[in-house]
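The values are calculated or read from the model by the stated rules, or taken from the named source; none is laboratory data. Quick caveat: nothing in here was measured; it's all calculated off a predicted structure. In this analysis, Cβ positions are derived from the backbone assuming ideal geometry, glycine residues included, and neighbour counts consider all displayed protein chains. Keep in mind that these areas ignore ligands, DNA and RNA; they rest on the heavy atoms of the full protein, side chains included. Shrake-Rupley method; radii C 1.70, N 1.55, O 1.52, S 1.80 Å.
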Amino acid sequence: MADQLVTSPYDALLLLSFGGPEGPDDVIPFLENVTRGRGIPPERLKEVGQHYFLFGGVSPINEQNRALLDALRKDFAEHGVELPVYWGNRNWAPYLTDTLREMAADGRRRIAVLATSAYASYSGCRQYRENLADALATLAAEGLEPPRVDKLRHYFNHPGFLRPMAEGVLASLAELPESVRADAHLAFTTHSIPVASADTSGPVEDHGEGGAYVAQHLDTARLIVAAVREETGIEYPWRLVYQSRSGAPHIPWLEPDICDHLETLHGEGVPAVVMAPIGFVSDHMEVLYDLDTEAVAKAAELGLPVRRSATVGADPRFAAAVRDLLLERAATERGSVVERCALGTLGPSHDLCPVGCCPARAPRPAAAGADSPYA
């Protein structure tokens, strides 16, 4: 019973992710799920689908989530946290609504949610909350009592997220030829989003040029650069760059693109680059195709040595960080004063997304926030 009291009021943890196809027949239906309501023509879906077909129609994200589930359950068991862990996806099986229906049938009434996105933005936070609200509304329409869901805070500056990535950069630097290693540059990559979305990311008080999305990534990059400097004694030049743009050409998105950046560095005589995908929790398709395929091909064309560092994935330190975030939030909900673990200059993120945080173009109900219809 004591173990259960540690996690009260929560009776389950939900791993909430994006989802991905697991075979060729899944690719187009998956992309239709992702783009539903956006008027994307079928020809464009087939074009994007080719990225998946290069890898047998399989995105690695679901397998990565299975590994993370195993890591979380192992960490919880080893530390006496008796809390079941479920998994639901926004865009592919196991679907979020099905998982919440299962959790409700199992009697779960108060659920902590870990989203596989570490940063503030509409697509990285609010959209997950909207999907939660949609799923809860479906349960209510079916006559089920929707459980309460609380999304764990952003973890971009938690040491359990940062340290594995810093070690990945160090390992990639060590793989470069010794003759160019000390003069290499670091390119920290994340998903590009529309400039307007970036500028309104985070709480209203954080809105501004780049908003919380850019500020949080910059803080993450600085912390990794400092860790690398402490280990190597070298202050490596670096820049935050972007990848995976998917919007209409006339709409401004965050730049520079990683391939354009590689061309710029090559033109400046930079001898080598380590690409560090700090915006991604695991090696899903944006990492495998946009970095390991397209960016690596661009570097080969330029004759520029590059390495791509590892994402966090199912690293045990990340699993421990999730446990830390869960117990922190549980204690806060019980009224305890909690010391929150966060490195860098921005401090720990909010528990409850405030009104006006990462707004959508068209307002929609969102769970796990101050404006949630499911309090």
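So which residues in region 19-50 are over 15 Å from residue 289 (Cβ atoms), in contact (Cβ under 8 Å) with a residue 60 or more places away in the chain and assigned to a loop (DSSP other than H, G, I, E, B), if there are any at all?
Passing the criteria: only 19.
Of all residues in region 94-117 being in a helix (DSSP H, G or I) and either open to solvent by 20 Å² or more (accessible area, probe 1.4 Å) or small (Gly, Ala, Ser) (or both), which is nearest to residue 156 (Cα to Cα)?
Just the residues of region 94-117 that are in a helix (DSSP H, G or I), to begin with: 96-105.
Filter once more, so that each one left must be either open to solvent by 20 Å² or more (accessible area, probe 1.4 Å) or small (Gly, Ala, Ser) (or both): 97-98, 101-102, 104-105.
On the way: 97: 27, 98: 29, 101: 30, 102: 30, 104: 30, 105: 33 Å.
Among those that are in a helix (DSSP H, G or I) and either open to solvent by 20 Å² or more (accessible area, probe 1.4 Å) or small (Gly, Ala, Ser) (or both), it is 97.
Restricting attention to helices (runs of 4 or more DSSP H) lying wholly within region 118-213, give those where 1 or more residues are surrounded by 21 or more Cβ atoms within 10 Å (Cβ to Cβ).
Numbers: elements: 127-141, 159-175, 178-181, 195-199.
In region 118-213, the matching helices (runs of 4 or more DSSP H) lie at 127-141, 159-175, 195-199.
Which one is farthest from residue 173 (Cα to Cα) among residues in region 237-252 that are open to solvent by 50 Å² or more (accessible area, probe 1.4 Å) and in a loop (DSSP other than H, G, I, E, B)? Please lay out each step first, then the result.
First pass over region 237-252, keeping only residues open to solvent by 50 Å² or more (accessible area, probe 1.4 Å): 237-239, 245-246, 249-252.
Now drop any that are not in a loop (DSSP other than H, G, I, E, B), which leaves 237, 245-246, 249-252.
Numbers: 237: 13, 245: 27, 246: 30, 249: 35, 250: 37, 251: 36, 252: 33 Å.
Across region 237-252, the extreme among qualifying residues is 250.
Could you give me the residue pairs with C-beta distances under 7 Å whose first residue belongs to region 293-316 and is more than 22 Å from residue 170 (Cα to Cα), whose second residue is in a helix (DSSP H, G or I) wherever it lies, and which are 6+ apart or on separate chains?
Final answer for the pair search is 294/259; 298/259; 298/262; 302/262; 302/263; 302/266.
Specify which of the listed residues (43, 32) is open to solvent by 70 Å² or more (accessible area, probe 1.4 Å) and in contact with a Leu (Cβ under 9 Å, 6 or more places away or on another chain).
Numbers: 43 fails: in contact with a Leu (Cβ under 9 Å, 6 or more places away or on another chain).
Just one listed residue meets the conditions, 32.
Looking at (1) in a loop (DSSP other than H, G, I, E, B); (2) under 29 Å from residue 226 (Cα atoms); (3) without any contact (Cβ under 8 Å) to a residue 12 or more places away in the chain, can you tell me which one residue 361 breaks?
(2)
Identify, from the list 255, 301, the residue that is acidic (Asp, Glu) and either crowded, with 19+ Cβ neighbours inside 10 Å or part of a helix (DSSP H, G or I) (or both). Write out each step before concluding.
Values: 255 fails: either crowded, with 19+ Cβ neighbours inside 10 Å or part of a helix (DSSP H, G or I) (or both).
None of the others qualify; the one that does is 301.
Identify, by number, the condition in (1) out of contact with any Asp or Glu (no Cβ under 6 Å at 6 or more places or on another chain); (2) among the small types (Gly, Ala, Ser); (3) open to solvent by 30 Å² or more (accessible area, probe 1.4 Å); (4) touching a residue at least 24 places away in the same chain (Cβ under 8 Å) that residue 344 doesn't meet.
The failed condition is (1).
Taking the condition touching a Gly at 6+ places or on another chain (Cβ under 8 Å), aliphatic (A, V, I, L, M) and either part of a loop (DSSP other than H, G, I, E, B) or open to solvent by 30 Å² or more (accessible area, probe 1.4 Å) (or both), does residue 338 pass?
When the stated conditions are applied, residue 338 does not pass them.
I want to confirm something. Restricting to region 222-236 and keeping residues that are free of Cβ contacts under 8 Å to residues at least 12 places away in the same chain and part of a loop (DSSP other than H, G, I, E, B), which single residue is nearest to the chain's Cα centre (by Cα)? Even if it seems obvious, please write down each step before you answer.
Taking region 222-236 first, the residues free of Cβ contacts under 8 Å to residues at least 12 places away in the same chain are 226, 229-230, 233, 235.
Now drop any that are not part of a loop (DSSP other than H, G, I, E, B), which leaves 233, 235.
On the way: 233: 30, 235: 27 Å.
That would be 235.
Taking the stated definitions as given, is residue 309 open to solvent by less than 30 Å² (accessible area, probe 1.4 Å), polar (S, T, N, Q) and more than 30 Å from residue 74 (Cα to Cα)?
Values: open to solvent by less than 30 Å² (accessible area, probe 1.4 Å): yes; polar (S, T, N, Q): yes; more than 30 Å from residue 74 (Cα to Cα): no.
The answer is no for residue 309.
Could you list, in sequence order, all residues of region 59-93 that are assigned to a loop (DSSP other than H, G, I, E, B), crowded, with 17+ Cβ neighbours inside 10 Å and not small (Gly, Ala, Ser)? Break it down into steps so the answer makes sense when it comes.
The initial filter retains those residues of region 59-93 that are assigned to a loop (DSSP other than H, G, I, E, B), namely 59-60, 79-84, 90-93.
After this cut, where a residue has to be crowded, with 17+ Cβ neighbours inside 10 Å as well, the list is 59-60, 81, 83, 90-92.
60, 81, 83, 90, 91, 92 - these are the residues of region 59-93 that are assigned to a loop (DSSP other than H, G, I, E, B), crowded, with 17+ Cβ neighbours inside 10 Å and not small (Gly, Ala, Ser).
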